[in-house]
1. If you take the residues of the range 233-250 that are in a strand (DSSP E or B), in contact (Cβ under 8 Å) with a residue 40 or more places away in the chain and not basic (Lys, Arg), which of them is surrounded by the fewest Cβ atoms within 10 Å (Cβ to Cβ)?
2. Quick check on the range 335-358. Is at least one of its residues within 27 Å of residue 220 (Cα to Cα) and within 22 Å of the chain's Cα centre (by Cα)?
3. Inside the range 251-271, can you point out the residues that are in contact (Cβ under 8 Å) with a residue 40 or more places away in the chain and either open to solvent by 40 Å² or more (accessible area, probe 1.4 Å) or over 22 Å from the mean Cα position of the chain (by Cα) (or both)?
4. Got at least one residue in the range 22-36 being closer than 27 Å to residue 149 by Cα and surrounded by fewer than 13 Cβ atoms within 10 Å (Cβ to Cβ)?
5. Return the residues of the range 145-160 that are at pLDDT below 80 and either part of a strand (DSSP E or B) or on the phi < 0 side of the Ramachandran plot (or both); say none if nothing qualifies.
6. Working carefully through the options 38, 79, 91, find the one that is basic (Lys, Arg) and under 30 Å from residue 134 (Cα atoms).
7. Could you tell me whether residue 56 is assigned to a strand (DSSP E or B) and touching a helix residue (DSSP H, G or I) at 6+ places or on another chain (Cβ under 9 Å)?
8. In the range 1-56, which residue that is within 21 Å of residue 94 (Cα to Cα) and of a type in the set (Val, Ile, Thr) is modelled with the lowest pLDDT?
Amino acid sequence: LAVFDFLATDVDQFSQELTYTADLTDRLDVIFGGLYLRSDSHEPLLFGTPSFGLPVDTFDFTADQHLQSYAFYTQWRYRLTDSLRLTLGGRYTHDEKDYHEVDFFAGAPLPIVDASKSWQAFTPRVALDFTPDPNLLIYASASRGFKAGGINAFATSDGSADEFDPEFIWNYEVGVKANLLDNHLRATIAGFHMDYSNVQQNLRVLNTTPGVLLPNVVNASSATINGVEGSIDANLTTQLHMRAAATWLDATYDHLLTNDLVYPELGVRDFSGNRLARAPEWQYTLSADYTQPLGGGMDATFRADWQWQSKVFFSFYNHPLNSQDAYGLLNLNASIGPHDGNWRLSLFVRNAADTYYVTYAEANVAAGFPSLGGAVGQPRTYGASIGFTF
């Protein structure tokens, strides 16, 4: 419906982090740190809706957003015994966002949007790791995560700010890491449970801006993820290395009531129990690389990577049109260079089987008009690269 004459985002960002580490005793070490981040973004948007007789320069919107973030953190690790260590840590984060929007419709000003918001959070971490043998590590941890809220750009036309809340998560994990067969085989396995509240989701929704669908962040209530992941690294010979990894996820929304963009006539619906967006139930990766000495200080390496994932949905609505069925990608690489590695010439083929897949899809109904759009994944691609180490 909309034709964009100009769409851009200009972002200036500065960050600085300072960290101090020390071994206080032979059993206790500590980390102190601080982080400062400043970001200024400027987003002009010029568009129209020719299908309704409005030329491309009818809407002239400009949004400016300023972010300042401060964080302070510390971590203390104490060796309770020669094989048991306790870790305690915490981080305090303070985020401030200021938003200013000036819009014009056919040269006439619309209400100015001014908003300022701040969020704070303390995110602790506690962990235990046990090494009964130098080649075996058993660990357990619990930690809290935080993602600040924000203000959606171009979401309203009445001067109000469209805000979304911060996202929080508690993550619990237990795992084992082992070196076997004289370090020729490394294996890891971990199980985890994640508890989300106010999950942030990016959706293309119908804004109060006349008839325009723009991506907005909304809070999708609560969600739970249970999963198991494992990997095996094997040095089969001095020349052949292989790696395999797999992940299983049970990721669902616990409570989610919202409007359905595909079937707006149904009003608010219950999507509790739906699968999280972009969370495949299964993922596998398998890779192998073989290095062949060529003489004269040179060697050649051949590598193959296979990645596979089960079906994913691109939104919490879990509509078949907004999804991608299971697929796998094969990537190949051949390189040559000296043993010291100061340069490397590579030939590569990405998506060697030329698999067709989409990286995003969305179905919507805006102002009574159904639409379906998306983005197609990269087809088979050939190329060459050369890298240097200085």
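1. The initial filter retains those residues of the range 233-250 that are in a strand (DSSP E or B), namely 233-235, 240-250.
Those still in the list that are in contact (Cβ under 8 Å) with a residue 40 or more places away in the chain too: 233-235, 240-245.
Then keep just the ones that are not basic (Lys, Arg); that gives 233-235, 240-242, 244-245.
Details: 233: 16, 234: 17, 235: 15, 240: 12, 241: 18, 242: 15, 244: 15, 245: 16.
Among those residues, the one meeting the criterion is 240.
2. Taking the range 335-358 first, the residues within 27 Å of residue 220 (Cα to Cα) are 357-358.
Applying the additional criterion that residues be within 22 Å of the chain's Cα centre (by Cα) yields 357-358.
Within the range 335-358, one or more residues are within 27 Å of residue 220 (Cα to Cα) and within 22 Å of the chain's Cα centre (by Cα).
3. If the condition is that a residue be in contact (Cβ under 8 Å) with a residue 40 or more places away in the chain and either open to solvent by 40 Å² or more (accessible area, probe 1.4 Å) or over 22 Å from the mean Cα position of the chain (by Cα) (or both), then 258, 260, 261, 262, 263, 264, 271 are the ones that fit.
4. Quick first cut of the range 22-36, residues closer than 27 Å to residue 149 by Cα only: 32-36.
From what is left, the residues that are surrounded by fewer than 13 Cβ atoms within 10 Å (Cβ to Cβ) are none.
No, the conditions are met nowhere in the range 22-36.
5. Going through the range 145-160, the residues at pLDDT below 80 turn out to be 155-159.
Hits for the range 145-160 are 155, 156, 157, 158.
6. Exactly one residue qualifies, and that residue is 79.
7. On the way: assigned to a strand (DSSP E or B): yes; touching a helix residue (DSSP H, G or I) at 6+ places or on another chain (Cβ under 9 Å): yes.
When the stated conditions are applied, residue 56 passes them.
8. If we filter the range 1-56 for residues that are within 21 Å of residue 94 (Cα to Cα), which is where we start, we get 11-20, 31-41.
Next cut, of a type in the set (Val, Ile, Thr) only: 11, 19, 31.
Numbers: 11: 91, 19: 97, 31: 97.
Going through the qualifying residues, I end up with 11.
The values are calculated or read from the model by the stated rules, or taken from the named source; none is laboratory data. As the structure is a computational prediction, the values presented were derived from the model and not from experiment. So basically every Cβ, Gly included, is an ideal-geometry build from the backbone, and we count neighbours across all protein chains shown. Remember, those area values only see protein heavy atoms, side chains included, never the ligands or the DNA or RNA. Shrake-Rupley method; radii C 1.70, N 1.55, O 1.52, S 1.80 Å.
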